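Bear in mind that the values in this text are calculations on the coordinates, not laboratory data. Quantities reported herein were computed from a predicted structural model and do not represent experimental measurements. All Cβ positions, glycine included, derive from the backbone under ideal geometry; neighbour counts span all protein chains shown.
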Amino acid sequence: MLKFDITLLVQIIEVLILAVLLNSLLIKPIMATLEERRRQFEVLEKEIEDLIKQAEEGIKNYQEALNQARVEGMQKREALKEEARRLEREEIAKVLKEVELQKAEWERAFKEEFAKLREAILSQKEFFSHLMVEKLLGRKV
């Protein structure tokens with residue numbers, strides 16, 4: 001059987017003193033350290049979330065800037081194509097004008113040469129008519 005004497009009371013007091021000492025010397029500092037680590041992890045998690053948000057925002061801004069640059073590039077390319085088409089039309093018109101002038105010059109020169117040849121042939125029509133008569137009749141006229 002159990003005997004309730006003074007040793008039981010002493011042991012209970014010893015256990016209580018040991019519990020108070022262990023609580024103040026070990027448990028409270030360890031719990032404080034764990035609580036501090038938990039707070040640090042929370043702060044780090046919050047910083048990580050902020051950094052992730054900043055990175056996502058940076059990526060979003062980059063994508064927007066890239067899309068804007070693509071749009072601007074396409075617009076500039078279209079503007080350059082239109083400018084090239086305009087220059088091409090101007091050059092073609094210029095060349096066509098030069099060709100028309102050259103054609104008119106050749107036509108004028110041809111007409112002058114033709115007129116000279118016609119005059120030369122007409123001036124010699126008597127000679128050619130006599131020549132034809134000689135060939136047809138077989139004798140000189």
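A few notes on this one:
- Subset tally (residues that are under 10 Å from the mean Cα position of the chain (by Cα) and of a type in the set (G, A, S)) for segment 59-81: 2
- Flag for K94 being assigned to a helix (DSSP H, G or I), free of Cβ contacts under 8 Å to residues at least 40 places away in the same chain, of a type in the set (D, E, K, R) and exposed (fewer than 10 other Cβ atoms within 10 Å of the Cβ): no
- Some residue of segment 87-110 being among the acidic types (D, E) and within 22 Å of the chain's Cα centre (by Cα): no
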